[in-house]
Amino acid sequence: MIGPLRAAEPGTSGPFYDLSLFPWLPRIAESWTVIRDELARLQDGAFSAWPERHIYDKGWNVFGLYVFSVRLDRHCEMVPRTAELVETIPGLATAAFSRLAPRAHIKPHAGFAEGLLRLHVPLICPPGCLLRVEDQVQDWREGECFVFDDARVHEAWNGSSRPRTVLIVDFRADDLVRANHKPRRVEKAVRRLLGMRADYTYLT
């Protein structure tokens, strides 16, 4: 099910986007329980702390599938149906399970402005979990996807007593957001997130 969305009108810039702009999204949204089932098979130890520790107080952990267009082969093999689904997204750049601990707060910050938008697929979302993007606030509801501009200032809270987990996907959308490409040290970013022995494949 694709649920209600506080969104910009079609054709305008975000921070939240009308879901009708993304014809590939219904397949992802309809498969959210498949993704959640694969998530449930992952051990807590498979997750790593988000490397930018200055923007959160505690308890933000991720399990990466793609990082800056690099496929993390071993991780994708652990959740094959999820990997197959995200690989259908045009312009796929990054995909990961994102887990936020109870009472944790991700401070206001902005992502890299590189013509990317971010999809959230809410998987385990107790009441009291909120995302603010500029002056708009969106709560996570399980199975109800939304897309926003990660380059806008945003922050997140888990006000509940249970972890909140979503699938996040960054994808290129140069027709909707302005691209400001910057060179990246891709391998360095992968190593920081997953350690020196990460297995990976570059997207072509």
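The values are calculated or read from the model by the stated rules, or taken from the named source; none is laboratory data. Keep in mind it's a predicted model, so treat the numbers as computed, not measured. Here the Cβ is made from the backbone with ideal geometry for all residues, glycine too, and neighbour counts use every protein chain on show.
Here are the numbers:
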read-out	value
Qualifying position, being surrounded by 18 or more Cβ atoms within 10 Å (Cβ to Cβ) and over 21 Å from F148 (Cβ atoms), among A46, A83	A83
Residues being touching a strand residue (DSSP E or B) at 6+ places or on another chain (Cβ under 8 Å), touching a residue at least 60 places away in the same chain (Cβ under 8 Å) and either under 23 Å from I55 (Cβ atoms) or not hydroxyl-bearing (S, T, Y) (or both) - total across the stretch 76-117	20
Flag if E144 is of a type outside the set (K, R) and at negative phi	yes
Test: residue in the stretch 13-27 that is surrounded by 15 or more Cβ atoms within 10 Å (Cβ to Cβ), at pLDDT below 95, within 25 Å of Q136 (Cα to Cα) and acidic (D, E)	yes
Subset tally (residues that are out of contact with any Leu (no Cβ under 8 Å at 6 or more places or on another chain) and under 16 Å from G111 (Cα atoms)) for the stretch 66-93	1
Scan of the stretch 15-34 for residues that are assigned to a helix (DSSP H, G or I) and in contact with a strand residue (DSSP E or B) (Cβ under 6 Å, 6 or more places away or on another chain), ordered by number	W32
Residue ranges of strands (runs of 3 or more DSSP E) in the stretch 80-195 with at least 1 members modelled with pLDDT of 85 or more and of a type in the set (V, I, T)	92-100, 105-109, 116-124, 129-133, 136-139, 146-148, 164-172
Filter result for W32 (more than 19 Å from L116 (Cα to Cα), modelled with pLDDT under 95 and buried (at least 16 other Cβ atoms within 10 Å of the Cβ))	no
Residue in the stretch 45-62 that is at pLDDT 90 or above, closer than 20 Å to R132 by Cα and among the hydroxyl-bearing types (S, T, Y) present	yes
Tally of residues being in a loop (DSSP other than H, G, I, E, B) and of a type outside the set (A, V, I, L, M, F, W, C) across the stretch 48-69	6
Where G128 falls short, out of the listed (1) in contact (Cβ under 8 Å) with a residue 40 or more places away in the chain; (2) within 19 Å of N158 (Cα to Cα)	(1)
